[in-house]
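Everything below concerns the one structure shown next.
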Protein chains: 2
Amino acid sequence: MDSAALQTPALLLDTVALEHNLVTMAHRLPGMTLRPHMKATKCTSLARYQTEFGHHGFTCATIKECEGMVAAGLGGDLLLANEVLRTERIGKLLTAADAARVTVAIDSQATLDAAILGGVRDVVIDVNIGLPRCGCDPSEAARLADAARRGGLTVRGVMGYEGHLMMQLDAAKQQEQVEQSMALLIAAHCEVGGELVSAGGTGTHRVNRWATEIQAGSYAVMDSDYARRDDGFHQALFVEATVLAVNQKGWAVADAGLKAFGMDHGLPSLPGAQVLFCSDEHVTFRPGADWKLQPGDRIRLTPAHCDPTIAYHEAMWLSPAVALDAEAALELGASSPIDITDRWAVDLRGW
Amino acid sequence: MDSAALQTPALLLDTVALEHNLVTMAHRLPGMTLRPHMKATKCTSLARYQTEFGHHGFTCATIKECEGMVAAGLGGDLLLANEVLRTERIGKLLTAADAARVTVAIDSQATLDAAILGGVRDVVIDVNIGLPRCGCDPSEAARLADAARRGGLTVRGVMGYEGHLMMQLDAAKQQEQVEQSMALLIAAHCEVGGELVSAGGTGTHRVNRWATEIQAGSYAVMDSDYARRDDGFHQALFVEATVLAVNQKGWAVADAGLKAFGMDHGLPSLPGAQVLFCSDEHVTFRPGADWKLQPGDRIRLTPAHCDPTIAYHEAMWLSPAVALDAEAALELGASSPIDITDRWAVDLRGW
């Protein structure tokens, strides 16, 4: 299939960049030292591909992600790295699928009670290590672990998320801050026990030497925000759009807008052009000086934040030539048609 | 069904506020003087409800919206108020459904050629009236209309979108600026002819006296951004979330984040609380001073921008009591369970 046949906006995945990212990460964090996070990519086909690189445990943020992973036969060791107050669907999943193991984060008596009530078997104690979000105070971790064990649950260890340090670009500072955060988690782990110290993400995977496993997801596809870290990953995710109008006053418009891009990290980018703003179904941009764009031309934009971008799309379209074409596009504006080799459903959306 | 049974995050629609908004608008802009825009609400059930208030023509932003409206039997007079370069799906729609009429915006020779090629029968000339987006220069409108008529198309008139004036809160300035924009459109209309002068939106519907029909969508459900206009509409759209954690250090966390809210207009709001930030599946907020929130409690947040928020959700859940409960929630933090009376699919998502 030719990319020109795609209805735009369309999510494109460059398979060469994807493979590069998976190889790079598997070299740094082999096997179970990486627990790829499905919240970023929401795609069981991508998860299955990640198993080819040696990763067989996955992180989920929602019950729906757990259900989808189990249905795809990838539920052998899932960590629901999130608190849930209604866990019946997890219990059902464990009863229905013998091969499924779902470990759930708890951080309070209420989440512990919910886990027991719903039929959860395995938990980790979620410890707050600096990000103002979930996680118990480190001083409460041991008590909660004891209560969980008394309740008949297996406590597999601890987790923490130093999310506030992902975009600390000063390497020395990041090193120091991650060490401080992880000192809290390690201290809690000494009291809690278990084999897991689960933490981290794409932004801290190179400096977090204390976790037994890193919960990174974005590294696989990347976005313009994480690109600022310059961690050796390549941009694999793009949104293809059709140019609708080229105005003589100096702007052009294409058909990808607020429903095609997560906007919390700002505007998407288009190399060589200046993106001015997004409307519901449009992006308005100032084309490169030498570009000769015409209505009907295709352009490929880079999302600022991959997770909420992917969550808007039903599928991603694969090609080994997306990034290859980027250099020519920088000069011409318009992207060339490329061969689409596969379609992966974004099948883990919703809740 | 009780709202407590909903999987969160869940989109709630207050039917009392919705009815108030539809009554209010139908009084101001009866019948065909309003062409409700489906890009905001993406829901054929809501569109069908709007017909009960006298509106039988609708505006769409995507081909998918047109297809869904025709499939729902609501395609008698659709305006695709957007340029499209590939129109075969429109042509198929017209051939397949006798009762369907889809008028398509054109603003260039390329979009005219595409319309003819794809089997489009009716067009409007989209004129740029100040927003840097699509629309031809006013001076080109007559030439384009002539070319369309020579090509065998029916030119139903003109459209323009003064989107840059929606949030002009100074009433006198808005009046003056809308008049200037519309002067361009009216001048073009004098040369183009046809029965339609289609323009406007929720933000300008009270001052735009020149359009024969207003393309407003958000008024039906509203958001915290449009609420700043204080135009007499009530907030009907909320996202129900479950409190996951209440931290002694002064923050609480609930399970609605970047995949539950369009973020281009900023954070969602929670009356009585201060929303601090959103993560992929979480909102962190500072609860009201007297609130006694517990994990498991429900809260109801107001989106900052309805269109890209709705596009993340599969369905909206209806109740006449959502807004009624808001006053109690302001005091207590937690919302009470309410009776859910219906489920409307958000069936016009995607492209």
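The values are calculated or read from the model by the stated rules, or taken from the named source; none is laboratory data. Computed from a predicted model, the values in this text were never measured in an experiment. Cβ: placed from backbone, ideal geometry, glycine included. Neighbour counts: every protein chain shown. All accessible areas refer to the heavy atoms of the entire protein, side chains included, with ligands and DNA or RNA removed. Shrake-Rupley method; radii C 1.70, N 1.55, O 1.52, S 1.80 Å.
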Which of rounded, prolate or oblate describes region A:279-335 when judged by the alpha-carbon gyration tensor and an a/c cut-off of 1.5? oblate
Modelled FRET efficiency - R0 35 Å, residue B:117 with residue B:187, Cβ distances, 0.05 increments: 0.70
Say a label goes 7 Å from Cα toward Cβ at residue B:89 in every copy; what distances in nm does this one have to the rest, shortest first? 2.8
With respect to the symmetry axis carrying chain A onto chain B, which residue of chain A exhibits the smallest Cβ distance to that axis, and what is the value in whole Å? A:263, 2
Working from the alpha-carbon coordinates of chain B, get Rg over Rh, Rh being the Kirkwood radius. 1.02
Just to confirm the numbers: residue A:328, label point 7 angstrom along the Cα-Cβ line, distances to the other copies in nm, shortest first? 6.4
What distance in nm separates the two pseudo spin-label positions at residue A:72 and residue B:336, each 7 Å out from Cα along the beta-carbon direction? 4.3
So what are the ³J(HN,Hα) numbers for region A:317-328, from phi and the Karplus equation (6.51, -1.76, 1.60; θ = phi - 60°), rounded to whole Hz, Gly and Pro as x? 10, 9, 7, x, 10, 5, 6, 4, 7, 5, 5, 5
Relative contact order in percent for region A:196-351 (Cα pairs under 8 Å, 6+ apart) equals 20
Which helices of chain A meet both criteria: a Cα extent of 18 Å or more along the helical axis and a mean Kyte-Doolittle score no lower than 0.0, with helices taken as whole DSSP H segments? A:15-28, A:171-192
Overall dimensions of region B:62-115 by Cα: Rg and Dmax, Å: 10.6, 32
Scan of chain A for trypsin sites (Lys or Arg not before Pro) in DSSP loops with at most 14 other beta-carbon atoms within 10 Å gives a longest site-free stretch of A:1-208
Copies of residue A:73 compared via label points 7 Å along Cα→Cβ give distances in nm, shortest first, of 4.4
Given only helices, namely DSSP H runs of n ≥ 4 each adding -39500 (n - 2.57), what is the per-residue ellipticity at 222 nm of chain B, to the nearest 500 deg cm²/dmol? -8500 deg cm²/dmol
Rounded to the nearest 5, what is the percent of antiparallel bridges among the DSSP beta bridges in chain A? 50
Note down the relative contact order for region B:131-290 as a percent, whole number, built from C-alpha pairs under 8 angstrom at least six residues apart. 15
Compare each residue of region B:238-262 in its chain alone against the assembly with all protein chains, and report those whose accessible area goes down by 40 Å² or more; 1.4 Å probe, heavy atoms. B:244, B:251, B:258, B:259
Considering amide H positions built from the backbone, and no H for Pro or chain starts, which residues 5 or more places from residue A:340, or on another chain, come under 5 Å of its amide H? A:2, A:3
Quick check: the distance between the Cα centres of region B:117-157 and region A:248-285, to the nearest angstrom? 24
Residues of region B:265-309 losing 30 Å² or more of accessible surface, assembly versus chain alone, probe 1.4 Å, please list them. B:277, B:280, B:281, B:282, B:295, B:308
Going down the table (A:259/B:42; B:64/B:92; B:39/B:259; A:42/A:259; A:259/B:259; A:64/B:64), which pairs top 22 Å between alpha carbons? A:64/B:64
Run the dipole for the protein assembly as shown about the Cα centre, Lys and Arg Cβ at +1, Asp and Glu Cβ at -1, nothing else charged, and hand back the magnitude in debye, nearest 20. 280
Running a GNM on chain B with Cα contacts under 10 Å, which residue among B:306, B:136, B:43 ends up with the highest mean-square fluctuation? B:136
Ranking A:277, A:285 from most to least accessible area with a 1.4 Å probe gives A:277, A:285
How much of the accessible area of the protein assembly as shown, probe 1.4 Å, is carbon plus sulfur, in whole percent? 52
Enumerate the amide H contacts of residue B:217 below 5 Å, restricted to partners 5 or more residues apart or on another chain; note that Pro and chain-start residues carry no placed amide H. B:37, B:202
Could you check the spin-label model distance between residue B:52 and residue A:56? Points 7 Å from the Cα along Cα→Cβ, value in nm. 5.7
What is the dipole size for region B:115-246, taken about its Cα centre, with +1 at each Lys and Arg Cβ and -1 at each Asp and Glu Cβ, in debye to the nearest 20? 300
Translational diffusion coefficient (Stokes-Einstein; Kirkwood radius from C-alpha pairs) of region B:18-89 at 4 °C, 1.567 mPa s, in µm²/s: 104
Relative contact order for region B:196-251 using alpha-carbon pairs under 8 Å, separation at least 6, rounded to a whole percent? 25
For region B:247-302, state what percent of all Cα-Cα pairs lands in each successive 10 Å bin, counting from 0 Å until the bin that includes the largest distance. 24, 60, 16, 0
By the C-alpha gyration tensor axes a ≥ b ≥ c (rounded if a/c is under 1.5, else prolate when a/b exceeds b/c, else oblate), the shape of region B:51-180 is oblate
What is the set of long-range amide H partners of residue B:321 at a cut-off below 5 Å, with H atoms built 1.01 Å from backbone N? B:15
Kindly report the accessible area of chain B per residue (heavy atoms of protein chains, probe 1.4 Å, no ligands, DNA or RNA), in Å². 35
Give the interface area between chains A and B as buried accessible surface, both sides summed, probe 1.4 Å, in Å² to the nearest 100. 4400
Across the alpha-carbon set of the protein assembly as shown, Rg over Rh with Rh taken as the Kirkwood radius works out to 0.98
Classify region B:235-351: rounded, prolate or oblate, from the alpha-carbon gyration tensor (a ≥ b ≥ c, eigenvalue square roots; a/c under 1.5 rounded; otherwise prolate if a/b is larger than b/c)? oblate
Restricted to region A:46-181, the DSSP antiparallel beta bridge percent, nearest 5, is 0
